[in-house]
Every structure is written in C-alpha cells, then in structure tokens.
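Undergrad: Below is a structure I'd like to ask you about.
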C-alpha cells in the first residue's frame, strides 16, 4: 500500500493534468473563433431590431406632435377636437419621448457590445490568453510555488473573461431571446407599427380641417380627396376622438412592453451574465 503522501501527490498531479488540459482546450477554442460568429450574429440582429423599433417610435412621435400642434379652424367643432386630442395624446407623447430615449440608449448599448465583441476577437487578445495559459500550464506541471501559480491563474482567468465574456453574454442572451422574448417582441412591435399606421389617417383628417387657414386653395382632385378625408371628422368628431383614444391605448400598451423587453435584453441580461462569469472566476480562485 503506497504511503499517504504518495497517494496525495498522485491525486494532486491528476488534478494539475486535468486543469492543464482544460486550459489548453480553452486556448484552442479561442483560436478557432467558434464562439465569435454566433455572438456577432445575435448582436447584429438585436441592433437591427432596435433600430427598426426606434424608427417606428420616431414616426409615431412625429404624428403625435403634428396632431397636438394643429389648431382646427372650424368652431365649436375645432375647439372640442383640439382639446380632446391634446388630452388623449398628452400621456402618450410623454411615454413615446421617453421610449425614444430608451431606444437610443439600447442602440448605443448594442453598438458598444458589437465593438467589444470585435475587440475581444482580436488576435492580440487570443495570443495573450495563450501566453498566460502556457505559463499557467508550465507552472502547474513543474509544481511551482502556490503564489506564482495563483498569479498565473488570475491572469489567465482575466484574459479568458475578456476573450469570452461578450461571446458568452451574447450566447446566453440569444437563448433567452429565442425561448422567452421573441414572441412578445414580434407581437408588440407589430402592434406598435399598426398603431402608427392607424395614427396617420387620423392626422390627415385633422390636417384637412386646418388647410383653409393656410390661405391656399387646393386643386379640384385634391379638394375632392380632402372632402372625403374630412367627411367623417366633420360628421362625427366623437368617433374620430374615440379612434384616437383607442390608438393611444394601443401605443401605450405596446410601448411599455417594448421598454421592458429592450431594458432586459440590452442592460439587465448582459450585466447579469458578466457578473455570473466574474463570480465563477472568483470561485475557481478560491478553490485553487
């Protein structure tokens, strides 16, 4: 039966060999770049979605600003429509303005993630990871002092976090998005786009009421078109106001949903994944 110290030494060498193999595997994955393409694809897709949503928000904001800034010349119809439109759109206007700011921040966050993912895949980072990995393996197999090995392990884990952090965060976000967020996003984006389309004819009907105040007489064809567009507003302003209120409700509901989705996708999830990776690296250091 081997002495206890010999048995302990054999187990320690197996542990060092296994850890060395893991370090070599991590370095090999870094050189293949197999984690980089999925990360870029996810960030690019998220950036495109954010920009498309931001464009819809800007269009809705422009329509709301136009309706709120329009003074209808006909009275008392004009005064009632103008007041009712302002009351219906005041909360929507504030929410859409904040939503536009959040979407700008989301686009900036995704652009930063895209830049960081590109920087992490730079050959200098990969070779730096390999250099620290080689030093760590050499120290472990040579049974060097605990202090030197621990320093090398810290350096290797730091480089690994830089090299794979954004890729792992993007991968985790991609899984969460595909499983939980894709369907709510598609539904909310479609609903917001539909509400924006419904807002356009309402704004056109209100614009026709304002046109005589400009002092320009429209042509025959344009006059006929204006007549039909303004007929419903002139005949039943209550129906126009009800449509505006319904559209406003759709915008509010979809906007709140999209705010939650983009804050979760572009802020909360990346920070959570990077925090977990940092905690895992700290746990490895405590074990060694």
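Undergrad: So for the pair residue 127, residue 14, with labels modelled 7 Å out along Cα→Cβ, what separation do we get in nm?
TA: 3.9
Undergrad: Let me make sure I get this right: for the stretch 238-282, a, b and c are the square roots of the gyration tensor eigenvalues over alpha carbons, sorted descending. Under 1.5 in a/c it's rounded, otherwise prolate if a/b > b/c, else oblate. Which is it? Walk me through the intermediate numbers first.
TA: Working: a/c = 11.04, a/b = 9.40, b/c = 1.17.
Verdict is prolate for the stretch 238-282.
Undergrad: Would you kindly state how much longer the chain becomes between residue 105 and residue 263 on full extension, computed as 0.36 nm times their sequence separation minus their alpha carbon distance, in nm to one decimal?
TA: On the way: separation 158, 0.36 × 158 = 56.88 nm, distance 0.94 nm.
Extra length from residue 105 to residue 263 when fully extended: 55.9 nm.
Undergrad: Related question: Gain in length, residue 182 to residue 44, computed as 0.36 nm per residue apart minus the alpha-carbon separation, to one decimal in nm? Write down the numbers at each step before the final one.
TA: Values: separation 138, 0.36 × 138 = 49.68 nm, distance 1.51 nm.
Full extension from residue 182 to residue 44 adds 48.2 nm.
Undergrad: While we're here: Kindly identify the stretch 117-207 as rounded, prolate or oblate by the Cα gyration tensor criterion: order the square roots of the eigenvalues as a ≥ b ≥ c, call it rounded if a/c is under 1.5, otherwise compare a/b with b/c, prolate if a/b is larger, else oblate.
TA: prolate
Undergrad: Using R₀ = 22 Å, calculate the FRET efficiency as 1/(1 + (r/R₀)^6) where r is the Cβ-Cβ separation of residue 87 and residue 197; round to 0.05.
TA: Numbers: r = 23 Å, r/R0 = 1.03.
Using R0 = 22 Å, I get an efficiency of 0.45.
Undergrad: Taking the Cβ-Cβ separation of residue 32 and residue 190 as r and a Förster radius of 35 Å, what is the calculated FRET efficiency to the nearest 0.05? Could you put the intermediate results ahead of the total?
TA: Values: r = 39 Å, r/R0 = 1.11.
Rounded to the nearest 0.05, the efficiency is 0.35.
Undergrad: Which shape class, rounded, prolate or oblate, goes with the stretch 130-181 when its Cα gyration tensor gives a ≥ b ≥ c as root eigenvalues, a/c under 1.5 marks rounded, and past that a/b bigger than b/c marks prolate? Don't jump to the answer; show the numbers that get you there.
TA: Values: a/c = 4.18, a/b = 3.87, b/c = 1.08.
Note, shape of the stretch 130-181 comes out prolate.
Undergrad: Another one. How would you rank 56, 175, going from fewest to most other Cβ atoms within 10 Å of each one's own Cβ? Kindly include the intermediate steps, with their values, before the conclusion.
TA: Working: 56 22, 175 11.
Fewest to most other Cβ atoms nearby, the residues stand as 175, 56.
Undergrad: Run the simple label-point estimate for residue 272 and residue 52 please: 7 Å along Cα→C-beta, distance reported in nm.
TA: My value for the distance between the label points is 2.4 nm.
Only the coordinates and a few stated rules stand behind these numbers; no lab work does. As the structure is a prediction and not an experimental result, all values here were calculated from the model. All Cβ positions, even for glycine, are placed from backbone atoms using ideal geometry, and neighbour counts span all protein chains on display.
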